[in-house]
Amino acid sequence: MTKKRILSGMQPTNQLHLGNYLGALRNWVKLQEEDYECLFCAVDLHAITNGHNPAVLAKATREIAAAYVAAGINPDKCTIFAQSAVPAHTELMWLFTSMTPLGWLNRMTQFKEKAGKKRDNASLGLYSYPVLMAADILVYNASHVPVGEDQKQHLELAREIAGTFNHRYAKDEDFFTLPEPMIMGEATRVMSLRDGTSKMSKSAVSDMTRINLTDDADLIAQKFKKAKTDALPVPASKEECEDRAEAKNLITIYAALADKSFDEVAAEFGGKGFGDFKKALTDLAVEKLTPITSRMNELMSDEAEIDRILYKGAERANELAIPVVKKTKELMGFWA
Ligand code: AMP
Ligand code: TRP
């Protein structure tokens, strides 16, 4: 039996925020202690699909690696690498494009959100993004993929592609493992601090909508202070959160940071004013995030060390991925 394998990734576009941390990164740190081989990449090829700045791409990639390590991913135990350093991802993606009907891609909500109203102007890269993501995962035969809730649909697509390949070219044997999404913890979908109906995102125009992993204590305090709430006291239960998306979001964030359940936190603060709750939330967020921020800054001042980690990671990732693409091409009947 091969060891269970985890693959996940984040885009090096702008800075990581609290949603990335609570929805994904924090869970990875816990999972590396379990019985998995773990691979975590900076998905730089995905980061170019919606326009990017060449002058900062490499730095942003290093920053992602630094954030992983600063948050507690152990580079001696896990493989940390840049997606673009493993050409097998893109090669496998091309092979997959021919077994991905447009109808599947047309359903993808992330594309619709990112492309917006001017869909004809969106790039082919943005449209085919989920096929590359499927290749990222399947090229390692990852059994588990820890992500935030927004990625569930992309995981389903990866499973459909794996199933199609197995059926068409592998006599229904499970050549490609069907990956399981792992959506963990209280904060699987952290919402914007200014609008509880849209998710906290790197690409939102206003920085006040999110807490970045690089924000200092003053900025965190300022952002929570200005976070949207309502005139009622803090809700004491989930039932009291109806039509109160912003209040619900702040309690969820607190619960995730404190490693408590939503109900526990609602019981603790329910009925109190938001002023007091926001102060407690700020203290907690500062306590949990500032050690990560300072470690990240420290790491970023030693570029050679990050490059060493990425280089070693790419070596291991290539070692795993190259034979899988070779075998895939063989099954598809390519000349070799
Ligand atoms: P991205 O920022 O799109 O590269 O996302 C990297 C990881 O963070 C993925 O696993 C996402 O599902 C997760 N993530 C992104 N935004 C949020 C959010 N607002 N709440 C929870 N998880 C998130
Ligand atoms: N699509 C993911 C996101 O936007 C990032 C990603 C790319 C990813 N490839 C992946 C996540 C493979 C998990 C596994 O968040």
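Annotation note: of GLU156, GLU173, the sole residue that is within 14 Å of ligand 2 (Cβ to nearest atom) and surrounded by fewer than 18 Cβ atoms within 10 Å (Cβ to Cβ) is GLU156.
GLY51 fails exactly one of the following numbered conditions: (1) assigned to a helix (DSSP H, G or I); (2) of a type in the set (Gly, Ala, Ser); (3) within 16 Å of ligand 1 (Cβ to nearest atom). What is the number of that condition? Among (1) assigned to a helix (DSSP H, G or I); (2) of a type in the set (Gly, Ala, Ser); (3) within 16 Å of ligand 1 (Cβ to nearest atom), GLY51 violates only (1).
What pairs come out if I take residues in segment 21-46 that are over 19 Å from PRO87 (Cα atoms) and touching a residue at least 24 places away in the same chain (Cβ under 8 Å) and pair them with residues that are within 12 Å of ligand 2 (Cβ to nearest atom) and polar (S, T, N, Q) whose C-beta lies under 8 Å away, six or more apart or interchain? Sorted first by the residue in segment 21-46, then by its partner, the pairs are ALA24/SER8; TRP28/SER8. When ASN249, ASN318 are checked against the criterion of being surrounded by 14 or more Cβ atoms within 10 Å (Cβ to Cβ) and under 30 Å from GLU91 (Cβ atoms), a single residue qualifies: ASN318. If you go through segment 54-85 and pick out every residue that is part of a helix (DSSP H, G or I) and in contact (Cβ under 8 Å) with a residue 40 or more places away in the chain, you end up with 16.
The single condition among (1) surrounded by fewer than 18 Cβ atoms within 10 Å (Cβ to Cβ); (2) within 24 Å of LYS326 (Cβ to Cβ); (3) of a type outside the set (A, V, I, L, M, F, W, C) that HIS89 does not satisfy is (1). Applying the selection to segment 15-48, what residues are in a loop (DSSP other than H, G, I, E, B), within 14 Å of ligand 1 (Cβ to nearest atom) and either touching a strand residue (DSSP E or B) at 6+ places or on another chain (Cβ under 8 Å) or not assigned by TED's automatic domain parsing to the domain that holds LEU310 (or both)? Scanning segment 15-48 gives GLN15, LEU16, VAL43. Within segment 283-295, identify whether any single residue is among the small types (Gly, Ala, Ser), part of a helix (DSSP H, G or I), in the same structural domain as LEU213 (by TED's automatic domain parsing) and more than 23 Å from the chain's Cα centre (by Cα), and answer yes or no. The answer is no; no qualifying residue exists.
The values are calculated or read from the model by the stated rules, or taken from the named source; none is laboratory data. Quantities reported herein were computed from a predicted structural model and do not represent experimental measurements. Reconstructed Cβ throughout: ideal geometry from the backbone, glycine too, with neighbour counts over all protein chains shown.
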